[in-house]
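Structure, as structure tokens:
Please treat every number below as a calculation from the coordinates, not as lab data. Predicted model only: the values in this text are computed from it and were never measured. No Cβ is skipped: glycine too gets one built from the backbone with ideal geometry, and neighbour counts run over all protein chains shown.
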Amino acid sequence: MQGNLPLLKKNNLKNQEKILILGIETSCDDTCASVVEDGKVILSNVIASQHEIHGKYGGVVPELASRRHVEAIDIIINEALLQAKIKMSQISAVSVSNRPGLIGSLLVGVGAAKAISYSKKIPFMAVNHLKAHLFSNFLEVPEMGPCFTGLIVSGGHTSLYSVGQNWEIKEVGHTVDDAAGEAFDKIARFLGLGYPGGPVIDRLASKGNPSRFEMPRPMIESGDLNFSFSGLKTALIYKTKKEPKILDENNIADLVASFQDAIVDVLVHKTFKACRQSGFEKILVSGGVAANSRLRSMFAQKADSEGIKLYIPPIKLCMDNAAMVACLGYYDYIAGNFSDLSVEVYSRSDI
Amino acid sequence: MGKTGKAQAAKERALSLVYFKDLTINSASPQKTKEAGRLFARILEYGDVVLLGGELGAGKTTFISGTAAGLGIDENLSSPSFTILNIYTKSKLCLVHADFYRLDGIDDILNTGIEQYLGAKNTLTFIEWGEKIKDFLKKDFAQIYFEYNLLDKNARTISIKGSGPAWGKKIIKLGKLLKNAHFGN
């Protein structure tokens, strides 16, 4: 990793009062940038799809739509600096997700990070997007420490990790087909409930009876820590073909509540199993689906009864965001783990 | 038009009847869908583009995972609905597994960078919900369509067709492979 390392500024860590990391996140739909101080104080956390951003910049870039990273990136980075009341010259280093994700999207963020690093002569750190989700809680609870089971559950990913004493991260389970968030989105779309599916199903399910319809809990008895949600998706779709009345107004809340519970059940079951197997006493859940109210309450209930400490970040930090990228970058920065300007992007990754 | 010219034209017309030949099979289970995918791998050539269509849960990803296994790719294929493009490599082979489910319009599609992979060297491209790009493809391609079977929740009907003479020949070969593996209509 020696290669073309950018020249480090003459700020040595001992003298620096605050370490300001600019985080950039463009792995999927949203263009995000954030400034985080000392790995824990969020000075700004900007996401392109936010209402305020649309309102402020809608005229300049008419479509701050999904994946328009090229159009949005400069605006979002500048907005992050503006909201943090920080100038680029005060930034110590740049942290950016370079895997996993959509290659074209990742390239925009990584390109911006490299350009800033090269022109400002500051280090940059290319980080793993999923690992950043594991670190999202450190923004709220910096003293959390290692030795925990982490579940990252979102539209694009559903994976279980073991984080050991020395911060070594091992993937212990993953989905063999659809991610949980994807199952929510697809079923919501199939049922004509709108997008994004997660929040819509969450709201509707809260009015429904989750025991009314029998839904399979795929792979719950598989003996391993892997997940599968596509069978649940097809079970529901098939049911609607055989019994179209199930789609009626008076049934649909119960249908989605039953569907939601099947997903949450499996997530809870496997996560606590993983935790037991590793002998940890802490569980972290993050990723977009961690915003789901039923998931949060079922995990909390189980944590209570098993005497496990549960950590779930606030909703804004569960979704894709750049603050978690800046937080992870901070730890890489102080360890001197910088990336080379030749670093590439990858659609998939091992953590 | 001389005799040779007419014969040539007739031959071409006859061949054209072989284009877009539909091959339809019944798959009794996800395992059989995966097996069909594995057999499909045997007729593929570098540069091939395959579009997959059909309802949610009808078996598109399952089929492609069979093909990947047939090509020697050990990794598990998960759905690219969110990531849109997943790339797998095995020695010189590059397998592109794309899913355009979440994309609206050709701009969105082109922004993914898919063009560089279509027909590229040593590359096989599979696109779920690929009908969206059909009219923009410059080369011949195959189309596979998956449907639920209302009498059996595990069964599916799979139809395979291709444009151009090369695909016509490949599909005939595939038909024989599927028949030998007891896939009926």
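A few notes on this one:
- Going by neighbour counts of Cβ atoms within 10 Å, the residues A:ASP304, A:ASP340 line up, fewest first, as A:ASP304, A:ASP340.
- The range A:161-232: GluC sites (Glu not before Pro) in DSSP loop, at most 14 other beta carbons within 10 Å: A:GLU168, A:GLU214, A:GLU221
- By the beta-carbon count within 10 Å of each Cβ, the least crowded to most crowded order of A:SER136, B:SER81, fewest first, is B:SER81, A:SER136.
- Arranged from fewest to most other beta-carbon atoms within 10 Å of their beta carbon, B:HIS182, A:HIS269, A:HIS129 become B:HIS182, A:HIS269, A:HIS129.
- Across peptide B:104-113, the average count of Cβ atoms from other chains found within 10 Å of a residue's Cβ is 3.
- Shielding of peptide B:81-92 by partners, expressed as the average count of other chain Cβ atoms within 10 Å per residue Cβ, is 5.
- Acute angle (nearest 10 degrees) that the helix A:323-334 long axis makes with the longest principal axis of chain A, alpha-carbon atoms: 50 degrees
- Contact order normalised by residue count of the range B:17-180, Cα under 8 Å, 6+ apart, percent: 36 percent
- ³J(HN,Hα), Karplus 6.51/-1.76/1.60, whole Hz, each residue of the range A:182-195, x for Gly, Pro: 5, 4, 4, 4, 5, 5, 4, 5, 4, 8, x, 8, x, 10
- Angle in degrees between helix A:103-120 and the longest Cα principal axis of chain A, rounded to the nearest 10: 20 degrees
- Along its three principal directions, the equivalent ellipsoid of chain B from the Cα gyration tensor extends over semi-axes of 27, 22, 16 Å, largest first.
- Across peptide B:152-160, the mean count of Cβ atoms from other chains lying within 10 Å of each residue's own Cβ comes to 1.
- Fraction of beta bridges assigned by DSSP in the protein assembly as shown that are antiparallel (%, nearest 5): 55 percent
- Nonlocal amide H pairs with A:PHE227, under 5 Å, H built at 1.01 Å: A:HIS174, A:THR175, A:VAL176
- For chain B, excluding the exposed loop sites themselves (chymotrypsin sites (Phe, Trp or Tyr not before Pro), DSSP loop, at most 15 other Cβ atoms within 10 Å), the longest remaining stretch covers B:47-185.
- Between B:ASN149 and A:ASP265, the FRET efficiency estimated from the beta carbon spacing at R0 = 25 angstrom works out to 0.30.
- Helix A:249-278 vs. chain A, principal-axis angle (Cα, 0 to 90°, nearest 10): 60 degrees
- Entries in A:LYS40/A:LYS270; A:LYS241/B:LYS32; A:LYS239/B:LYS132; B:LYS132/B:LYS179; A:LYS233/B:LYS170 that, when Cα-Cα distance is taken, lie over 26 Å: A:LYS40/A:LYS270; A:LYS239/B:LYS132; B:LYS132/B:LYS179; A:LYS233/B:LYS170
- Calculated diffusion of the range A:146-312, Stokes-Einstein form, Kirkwood radius summed over Cα pairs, 25 °C and 0.890 mPa s, µm²/s: 153 µm²/s
- Distance cut-off 35 Å, percentage of C-alpha pairs in the protein assembly as shown lying past it: 40 percent
- For chain A, adding -39500 (n - 2.57) for each run of n ≥ 4 DSSP H residues and dividing by the number of residues yields -12500 deg cm²/dmol at 222 nm.
- Which listed pairs, of A:LYS242/B:LYS60; A:LYS131/A:LYS309; A:LYS114/A:LYS186; A:LYS170/B:LYS134, have C-alpha distances above 32 Å, in listed order: A:LYS114/A:LYS186; A:LYS170/B:LYS134
- GNM flexibility winner over chain A from A:LYS241, A:LYS114, A:LYS85 (Cα, springs under 10 Å): A:LYS241
- Sparse-neighbour loop sites [GluC sites (Glu not before Pro); the range A:237-322; at most 16 other C-beta within 10 Å; DSSP]: A:GLU281
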